Amino acid sequence: MRLYILSDNRVIQPRPKGLLAEWGFSCLLEINNEYILFDTGQKTAINNAILIKAPIYEVNSVVLSHGHYDHTTGLRDILSIINADVYMHPDAWLPRYVKGEQIGLPWKKEEVESMAKIVEHTEPVEILKNMWALGEIPREHNYVKLESYVLRDGEKLEDEILDDQSLAVKTSEGVVLILGCCHAGIRNTIEYAEEVAGDEVRYVVGGTHFIGMKEDSIRAECNWLNSKLDYIATCHCTGRKGESLLNFALKEKFHEIGAGVILNFE
């Protein structure tokens, strides 16, 4: 399996020239000549895909981790160049706000339906053999709540971001877990991925949402992750403090990634 980081908050390598950073996340998975796009970022995914020769024109499945703008704004541009099904939780369409500012998916359902087949799901979906979009993740452990709200049937409600999902890929070396923002909490997400895939998560890539956690809580999560993982590569909403603590706790298991990085897994 090969994984291309197409959109992230940073570029951590000087070449190829022209790589762009933004507040967002998108990655492309290449598995046995099948191509899946996980999230679309805002505006940089196509540019960066072309520069690193990621096979973006071959994508036939798009999975949205949740309905925030930084993971979905690029959707319409992406769908204009590919023919793909879009997998997403139905709550991803809900209007969302932080301090009155709209932070939700910027496209209406009718717009996306005119460009792609939409597959709404709350349960896990096996998109490819041994690769699942996890759907709604049970939350048995603490997780960070974003101070935001949604409009559901005209009613203003606290946004629990129930649409948050991740991708789990079962390999010969264990499960590779790809996170978008991990609003459901990393421990909850790992344990559910293991339940769905029937194997242990050994590798984690993506945003952990440590950016909103207190230091003591991050340290506890780092110690737990160190006891479980062989490898973790973080970006997007992990935050500098989170990455510093992960680096301290997991040492050589920890890797910092950004737009343009290509990862390979057996």
**Request:** Output yes when any residue across segment 178-188 is part of a loop (DSSP other than H, G, I, E, B), surrounded by 24 or more Cβ atoms within 10 Å (Cβ to Cβ) and in contact with a Pro (Cβ under 9 Å, 6 or more places away or on another chain), and no when none is.
**Result:** yes
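Just one of LYS109, LYS170, LYS117 is at pLDDT 95 or above and under 17 Å from ASP199 (Cα atoms); which is it?
Values: LYS109 fails: under 17 Å from ASP199 (Cα atoms); LYS117 fails: under 17 Å from ASP199 (Cα atoms).
Every option except LYS170 fails the conditions.
Quick check on VAL196: is it modelled with pLDDT of 95 or more, β-branched (Val, Ile, Thr) and more than 19 Å from the chain's Cα centre (by Cα)? Break it down stepwise before answering.
Details: modelled with pLDDT of 95 or more: yes; β-branched (Val, Ile, Thr): yes; more than 19 Å from the chain's Cα centre (by Cα): no.
Answer is no for this residue.
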Among strands (runs of 3 or more DSSP E) entirely inside segment 65-167, those with 1 or more residues being under 29 Å from ASP216 (Cα atoms) and in contact (Cβ under 8 Å) with a residue 24 or more places away in the chain are 96-98, 149-152
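Just checking, which of ALA259, ALA197, ALA193 is aliphatic (A, V, I, L, M), under 30 Å from PRO90 (Cα atoms), touching a Lys or Arg at 6+ places or on another chain (Cβ under 6 Å) and in contact (Cβ under 8 Å) with a residue 40 or more places away in the chain?
On the way: ALA259 fails: touching a Lys or Arg at 6+ places or on another chain (Cβ under 6 Å); ALA193 fails: touching a Lys or Arg at 6+ places or on another chain (Cβ under 6 Å).
The match here is ALA197.
Conditions tested, residue by residue: (1) under 17 Å from SER166 (Cα atoms); (2) of a type in the set (Ser, Thr, Tyr).
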{"position": "PRO16", "(1), (2)": "no, no"}
{"position": "LEU20", "(1), (2)": "no, no"}
{"position": "ILE31", "(1), (2)": "yes, no"}
{"position": "ILE46", "(1), (2)": "no, no"}
{"position": "ALA49", "(1), (2)": "no, no"}
{"position": "LYS53", "(1), (2)": "no, no"}
{"position": "VAL63", "(1), (2)": "yes, no"}
{"position": "THR72", "(1), (2)": "yes, yes"}
Given the structure, is ILE127 over 22 Å from ASP199 (Cβ atoms), within 16 Å of the chain's Cα centre (by Cα) and among the β-branched types (Val, Ile, Thr)?
no
Pairing a residue in segment 3-19 that is touching a residue at least 12 places away in the same chain (Cβ under 8 Å) and within 15 Å of GLN42 (Cα to Cα) with any residue that is part of a loop (DSSP other than H, G, I, E, B) and aromatic (Phe, Trp, Tyr), where Cβ atoms lie under 8 Å and the two sit 6 or more apart in sequence or on different chains, gives SER7/PHE25; ASP8/PHE25; ASN9/TRP23
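For segment 175-221, how many residues meet the condition of being among the polar types (S, T, N, Q) and under 18 Å from ASP70 (Cα atoms)? Spell out the reasoning first.
Taking segment 175-221 as the starting set, the residues that turn out to be among the polar types (S, T, N, Q) are 188-189, 208, 217.
Adding the requirement that they be under 18 Å from ASP70 (Cα atoms) leaves 208.
Summing the residues that are among the polar types (S, T, N, Q) and under 18 Å from ASP70 (Cα atoms) in segment 175-221 gives 1.
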Restricting segment 27-64 to residues that are among the small types (Gly, Ala, Ser) and not in a helix (DSSP H, G or I), the one surrounded by the fewest Cβ atoms within 10 Å (Cβ to Cβ) turns out to be SER61
Result of the Cβ filter at 6 Å on segment 178-189, keeping first residues that are at positive phi and partners that are of a type in the set (Ser, Thr, Tyr) and crowded, with 24+ Cβ neighbours inside 10 Å, at least 6 apart or interchain, is CYS182/THR189; CYS182/THR208
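Table: residues versus (1) modelled with pLDDT of 95 or more; (2) surrounded by 19 or more Cβ atoms within 10 Å (Cβ to Cβ); (3) in a loop (DSSP other than H, G, I, E, B); (4) of a type outside the set (S, T, N, Q).
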| residue | (1), (2), (3), (4) |
| --- | --- |
| VAL205 | yes, yes, no, yes |
| ASP216 | yes, no, no, yes |
| ARG219 | yes, no, no, yes |
| SER227 | yes, no, no, no |
| ILE232 | yes, yes, no, yes |
| SER244 | yes, no, no, no |
| PHE248 | yes, no, no, yes |
| HIS255 | yes, no, no, yes |
| ALA259 | yes, yes, yes, yes |
Being under 17 Å from the mean Cα position of the chain (by Cα) and aliphatic (A, V, I, L, M), is that true of even one residue in segment 143-150? yes
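The values are calculated or read from the model by the stated rules, or taken from the named source; none is laboratory data. Worth saying up front: this structure is predicted, and the values here are computed from it rather than measured. So basically every Cβ, Gly included, is an ideal-geometry build from the backbone, and we count neighbours across all protein chains shown.
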